[in-house]
Ligand code: HEC
């Protein structure tokens with residue numbers, strides 16, 4: 001018996017149903033294929049995934065500083081850290097300088113220089129003009145600003161020429 005019924009309308013309807021059936025099978029298998037690929041990716045060995053993760057974690061070198069920032073870091077940890085905290089986090093004795101020089105604080109570049117040179121003696125902030133040069137105080141500002149902007153991470157920074165320092 002022929003599949004053709006002799007009725008052109010009915011024949012067209014039969015062909016359409018066949019085409020729809022074939023194309024929906026193709027869509028289902030494409031979707032299933034994607035799912036299989038996804039679950040294969042999820043089952044990749046843990047080592048491959050952790051390598052990918054640590055590569056993206058490495059990112060920019062957050063301990064790389066300019067020579068001015070490096071000078072600032074050095075003097076900060078000689079003179080300032082005992083009140084303002086290691087890494088300029090602030091402490092019980094003195095404010096968090098990262099906040100002071102941010103948009104939330106009131107310490108502009110000029111206020112910073114004046115405060116450091118002259119101190120605020122009645123409030124417990126010593127004057128540093130006899131111990132530090134202008135360049136060193138500029139370095140202190142650059143260091144605190146880099147910490148405040150989160151461009152510089154916690155720990156021991158290094159300059160481009162140095163080998164990367166271990167975290168303290
Ligand atoms: C003996 C403790 C002490 C040491 C050491 C010290 N400070 Fe301070 N500093 C303070 C105190 C206390 C204040 C808060 C003064 C106030 O209330 O206005 C302050 C305030 C400041 C401010 C103003 C902060 C703000 O938000 O108004 C700056 C800037 C500053 N210190 C920088 C330095 C730097 C740089 C050094 C190191 C060279 C240093 N300080 C060392 C005690 C100290």
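Since every read-out is calculated from the coordinates, none of them should be taken as a lab result. In this text the structure is predicted, and so the values were computed from the model without any measurement. Backbone-built Cβ (ideal geometry, glycine too); neighbour counts: all protein chains shown.
Okay, here's what the table says:
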quantity	calculated
Residue that is surrounded by the most Cβ atoms within 10 Å (Cβ to Cβ), among those in the stretch 69-105 that are more than 25 Å from the chain's Cα centre (by Cα) and within 15 Å of residue 119 (Cα to Cα)	80
Test result for residue 122, within 7 Å of the ligand (Cβ to nearest atom) and free of Cβ contacts under 8 Å to residues at least 12 places away in the same chain	no
Residues of the stretch 120-132 classified as in contact with a helix residue (DSSP H, G or I) (Cβ under 6 Å, 6 or more places away or on another chain) and either surrounded by 18 or more Cβ atoms within 10 Å (Cβ to Cβ) or part of a helix (DSSP H, G or I) (or both), total	1
Single condition residue 117 does not satisfy, out of (1) over 22 Å from the mean Cα position of the chain (by Cα); (2) within 23 Å of residue 61 (Cβ to Cβ); (3) surrounded by fewer than 18 Cβ atoms within 10 Å (Cβ to Cβ)	(2)
The stretch 76-96, residues that are more than 6 Å from the ligand (Cβ to nearest atom) and within 19 Å of residue 124 (Cα to Cα)	76, 77, 78, 81, 85, 86, 88, 89, 90, 91, 92, 96
Members of the stretch 99-113 found to be part of a helix (DSSP H, G or I) and within 10 Å of the ligand (Cβ to nearest atom), listed by number	99, 100, 111, 112, 113
